[in-house]
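The structure under discussion appears below in the form of structure tokens.
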Amino acid sequence: MAITNGYIELSLLKSALSIQDEIDDDFLELAINSASRQIDQMTERQFFSTTETRIFAPRDNLVCEIDDLTSLTTLKTSSNADGVFDVTWESKDLQLEPLNNLAGGLPTPFTQIRAVDEYLFPKDLGEATAQVTGTFGFTPVPDQIKQATLILSARLAERRFSPLGVAGFGDLGAVRVSRFDADIENLISPFKRVRMA
């Protein structure tokens, strides 16, 4: 198994767990992959980049909310809401936001496009009338996300020693693995995507 778009290196997890050999590498790589995708799900973001074309339904005629975008190649709209993107916008026609790539004091990718000059977004009952080509994702991976991935990966790797969620037995009986980790939640909380309704 190999790590695909993982947010930490295998060597970091092995160091944190004081593992010297390579016997469990496949298992640990699976834990890193699983933790990284779980963080994607919890934050509604991906902390790696892909260059592709995606379509979006504008919120109104002035604003189109988009997935995290680090660079824009082209923006096209469909004048007839028929799936044909026949209008190509120029850079003067749009404004990427948040301005200065900052939201709440944190560096962040662009999450919406505002019409500012010649064109408006065609809004037709939620139809996908905007087509964006560019580099999507939240990069580089913030330190808080790396730390959360490390904690979660280690937690997943250690779960094999706590079958059925029982970590051991104490004076008061079974000690169960908690379903919630406050440290992970605190680390990822500032990066959770808030989408407009």
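Can you confirm whether segment 84-96 contains a residue that is open to solvent by 20 Å² or more (accessible area, probe 1.4 Å) and within 22 Å of F48 (Cβ to Cβ)? The answer is yes, given that some residue of segment 84-96 is open to solvent by 20 Å² or more (accessible area, probe 1.4 Å) and within 22 Å of F48 (Cβ to Cβ). When segment 38-64 is filtered for residues that are closer than 30 Å to I151 by Cα, surrounded by 15 or more Cβ atoms within 10 Å (Cβ to Cβ) and either touching a strand residue (DSSP E or B) at 6+ places or on another chain (Cβ under 6 Å) or not hydrophobic (A, V, I, L, M, F, W, C) (or both), the ones remaining, listed by number, are Q38, D40, T43, R45, Q46, S49. Return yes or no: is D21 farther than 30 Å from P122 by Cα, assigned to a helix (DSSP H, G or I) and not polar (S, T, N, Q)? So D21 does not fit the description; no. With respect to the stated conditions, L69 fails to be part of a strand (DSSP E or B), over 24 Å from P190 (Cβ atoms) and at pLDDT 95 or above. Scanning segment 140-161 for residues that are open to solvent by less than 30 Å² (accessible area, probe 1.4 Å) and among the polar types (S, T, N, Q) gives T149, S153.
The values are calculated or read from the model by the stated rules, or taken from the named source; none is laboratory data. Everything quoted here is computed from the prediction, not taken from an experiment. Note: ideal-geometry Cβ built from the backbone for every residue, glycine included; neighbour counts use all protein chains shown. SASA here: full protein model, heavy atoms, side chains in, ligands and nucleic acids out. Shrake-Rupley method; radii C 1.70, N 1.55, O 1.52, S 1.80 Å.
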